[in-house]
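Scroll down for the structure; my scribbles are underneath it.
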Amino acid sequence: MTKKYKTSLLVGGVNSPVRAGISVNADRFIASKAQGPFLFDQSGTPFLDYICGFGPILLGHQHPSIQATIADTKAFSALGVCNEFEEPLAHLIQKANPTIEKVRMTNSGGEAVNAAIRIAKAATKRTQIIKFSGQYHGAVESVLGYVMPSQSIDTGIDPNVSEQLSCLTFNDIAQLESAFKIAPPAAVIIEVISGNMGFIRAEPAFIQKLQQLCKTHQTMLIVDEVMTGFRVHPKGACALYDLVPDLITYGKIIGGGLPVGAVAGPTRLMDLLSPIGPVYQAGTFSGHPLAMACGVTTLNTVFETPLIESCHQYLTVLARELIDLFKQKGMPFCIDYQGGQFGFYFQAHYPKSFQDIEPESITLFTQFYHHMRKHHILLPPSHLEALFITGAHDDQCLEMTIEAARDF
């Protein structure tokens, strides 16, 4: 479909705010098609894609194995009954972490988070939740209150719900300990690699303390792997820390590019969900056959091929070249990456939290975004978003990226 409309009926011209490009003062990018590592604009011009759907696209756009899966499954739609692809996908997800004994599929990562929060509250008979500034867990009322420090986005949310949320500084052990002394929460939800303040890892000592506090106070530890699951490591970010949480949420990659989510954990917690337990959760499209089938294809590829290692090698070269390039230019620059996900900042010291991101880095990112877009390379239209690659990103993509950055 290539028809262009004079006016948009979409709110703000988009169906998800970041796509509007407001934070980088850019026009929205409207794709006409996608192939391999490229998105094509409405004129048919290819752009090297470092957005990758904000995470779901891992094999590459229109990957033959995904297209074959869709073709083989095309007779299926929302059945209203179970389908033969749900159990295979659940068993593949189970490979990620020893805590996983049961899985519940949802339509999105946000729905999975919502279910996890409700399980935690039911299990602990508490209501307070701790999250960390700069981390986003979907448009879920119980954890949406604050994404950025001192900036509430809880308009329209019941104040009683917002009051049940505490937002702490990522990697701040002292603040975390103080919060537990005030009142142990029902749950702490965390991305151990943050993807909505660029790419910031949890420090090992912080994770160790978090685990200790949660265990001591019988607080549920929920790890949000919607973005990092099966992308930064074949078994997700938890594997990088030998972390065994109470609950894990997934999304993005586990649908092979189609809408999906999942919450996973031990039987004692997962059986709190209906129809076994009292925590109600349901969805017309949950476990959609196409998403389940494409998820099986994708996770089989993750486990059976060196895909994640290849992505990591690509980013190793890209990081080295960009560091050298900006050093020669005398510009502050730092970058980190894992598997097929990365982030960078135009500052000398790598941030440990949202509060460490410097204003000058934000300004330079905006300039860099426009520069790269002129060179037909598409970065996320916000300095807060992580960047992603796929198995289709190759040496030519590397060369194209480095040469474009050289002219900045």
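Bear in mind that the values in this text are calculations on the coordinates, not laboratory data. Since the model is a prediction, treat every value here as computed from it, not as a measurement. Don't worry about glycine lacking a Cβ; one is built from the backbone with ideal geometry, like all the others, and counts go over all protein chains shown.
Expressed in Å, the radius of gyration and Dmax of the Cα atoms of region 65-304 are 17.4, 55.
Which value, in debye to the nearest 20, describes the size of the charge dipole of region 201-347 about its Cα centre when Lys and Arg Cβ atoms bear +1, Asp and Glu Cβ atoms bear -1, and nothing else is charged? Mind showing how you got there, number by number?
Details: 10 positive and 11 negative charges, 42 e Å.
Dipole size: approximately 200 debye.
Think of the chain as a dipole: +1 on every Lys or Arg Cβ, -1 on every Asp or Glu Cβ, centred on the Cα centre; then among Tyr314, Gln355, Pro159, Pro159 lies furthest on the positive end. Computed about its Cα centre, the charge dipole of the chain is approximately 580 debye, with only Lys, Arg, Asp and Glu carrying charge at their Cβ. Considering only alpha-carbon pairs that sit under 8 angstrom and 6 or more positions apart, the relative contact order computed for the chain is 24 percent. Per q in 0.10, 0.13, 0.21, 0.23 1/Å, what log10 I(q)/I(0) does a Debye calculation on the alpha-carbon atoms of region 96-183 return? Reported log10 I(q)/I(0), two decimals: -0.28, -0.48, -1.17, -1.29.
How many percent of DSSP beta bridges within the chain run antiparallel, rounded to 5? Counting only bridges with both partners in the chain, antiparallel ones make up about 65 percent. Counted by neighbouring Cβ atoms within 10 Å, the residues Phe199, Phe285 run from fewest to most as Phe285, Phe199. Counting only aspartates and glutamates at least 8 places from Lys3 when in the same chain, those with an alpha carbon closer than 20 Å to its own are Asp27, Asp41.
Rounded to two decimals, the Cα-based Rg/Rh of the chain, with Kirkwood Rh, is 0.95. Based on C-alpha pairs under 8 angstrom that are at least 6 apart in sequence, region 65-304 has a relative contact order of 32 percent.
Each Cα pair under 8 Å and six or more residues apart adds its sequence gap; the mean of these over the residue count of region 1-124 is a relative contact order of 11 percent. Computed over the chain, the per-residue total of -39500 (n - 2.57) for DSSP H runs of n ≥ 4 gives a 222 nm mean residue ellipticity of -10500 deg cm²/dmol, rounded to 500. Report, in listed order, any pair from Lys6/Lys74; Lys102/Lys252; Lys181/Lys235; Lys131/Lys215; Lys74/Lys252 with a Cα-Cα distance greater than 26 Å. Result: Lys6/Lys74; Lys181/Lys235 exceed 26 Å. Label-to-label distance, Glu203 versus Asp407, with points set 7 angstrom from Cα along the beta-carbon direction: 4.1 nm.
If neighbour count is taken as other Cβ atoms inside 10 Å, put Val161, Val143, Val296 in order from fewest to most. Before the final figure, lay out each step's value.
Values: Val161 16, Val143 28, Val296 21.
Result, fewest neighbours first: Val161, Val296, Val143.
Taking a straight line from the alpha carbon of Lys95, these aspartates and glutamates sit under 17 Å away, with near neighbours fewer than eight places off in the same chain left out: Glu86, Glu87, Asp224, Glu225, Asp242, Asp246, Glu304. Restricting attention to region 65-304, close to 50% of DSSP beta bridges with both partner residues there are antiparallel.
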